[in-house]
Amino acid sequence: MFDWKKIKLVMAPVEGYTDVRFRLLCKHYGADLVYSERINANAIVRGNKSAMKAMEMAEAERPIAMQIFGGKIDVMVKAAKMLEEKADIIDINMGCPAKNSMKIGACAALLFKPKKIQEMVEAVVAAVNKPVTVKIRADHALRNALIIQDAGASAIALHARYVKDGYSGKADWDLIKDVKKELKIPLIGNGDIRTAEDAVEMLKIADAAMIGRAAVKYPKIFYEARELLK
Ligand SMILES: Cc1cc2nc3c(=O)[nH]c(=O)nc-3n(C[C@H](O)[C@H](O)[C@H](O)COP(=O)(O)O)c2cc1C
């Protein structure tokens, strides 16, 4: 059984950065959970070389969440099954606002399709014996979080910024508070944690604090946050 109570500090998936070496560094500094970058489910199923590279992991970085994205439920199921032996958690990306991903009905496009969210999460949960999590954004956050919970997910990461804002503007931490109040499964809060002190603040409103850009620039943030939490 995966013990979510032990998960406080989380390294976010950051495409182009969160490879094995970087994730091991985050672990070294005290991250409790690390994520792979998003991997295209279709590329996994086809055995694409870059997908195989993105799936590489080291035993020392466990627990690791491997993140997949795609618009087709059957392909997502196949990819999740191919990853389940390696990964401790299968995470579904429903947050990336890249136009080419949204065009194929993947990533943040799903936030606007509640029925498809339900079907995709239910199908992946039924297919694998590992916990399934979903990373979402602020758009329809409460509605989507409840659907994801009811579909059997083990936890949700909420990047509290709207799709239209990309990576600018301010993350809405009040929304994280509101969603947390309604959820039974753990909520990982994400967006604008810039310092170790911010991570401690996030832990007052969410079950875990997920750090993206600040940790890419300064992975020692995990060590500093851990010291503050002692
Ligand atoms: C360059 C870059 C790449 C990203 N790649 C991913 C990704 O592969 N999967 C994902 O779910 N989020 C991805 N994100 C979003 C981050 O995980 C995180 O949600 C976002 O940066 C907000 O957190 P922060 O304010 O701590 O950076 C990416 C963000 C950036 C800036």
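Okay, here's what the table says:
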| read-out | value |
| --- | --- |
| Carbon/sulfur fraction of accessible area - the stretch 95-199, other protein chains in place, 1.4 Å, % | 53 percent |
| For the stretch 1-60 and the stretch 128-189, distance of Cα centres in Å | 19 Å |
| Candidates Ser168, Ser154, Ser36, ranked by Gaussian network fluctuation over the chain, Cα under 10 Å, top entry | Ser168 |
| Net charge of Cβ neighbours under 14 Å - reference Glu227; Lys, Arg +1; Asp, Glu -1 | +2 |
| Full-extension gain in nm, Arg62 to Glu227, via 0.36 nm per residue minus C-alpha separation | 57.3 nm |
| Label-point separation, Asp19 to Arg46 (7 Å along Cα→Cβ), nm | 2.2 nm |
| Cα gyration tensor category, rounded, prolate or oblate, for the stretch 82-190 with a/c compared to 1.5 | oblate |
| Rg/Rg_globular for the chain, with Rg_globular taken as 2.2 N^0.38 Å and Rg from C-alpha atoms | 0.92 |
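The values are calculated or read from the model by the stated rules, or taken from the named source; none is laboratory data. Given the structure is predicted, the values throughout are model-derived calculations rather than measurements. Don't worry about glycine lacking a Cβ; one is built from the backbone with ideal geometry, like all the others, and counts go over all protein chains shown. The accessibility values were calculated without ligands, DNA or RNA, using every heavy atom of the protein model including side chains. Shrake-Rupley method; radii C 1.70, N 1.55, O 1.52, S 1.80 Å.
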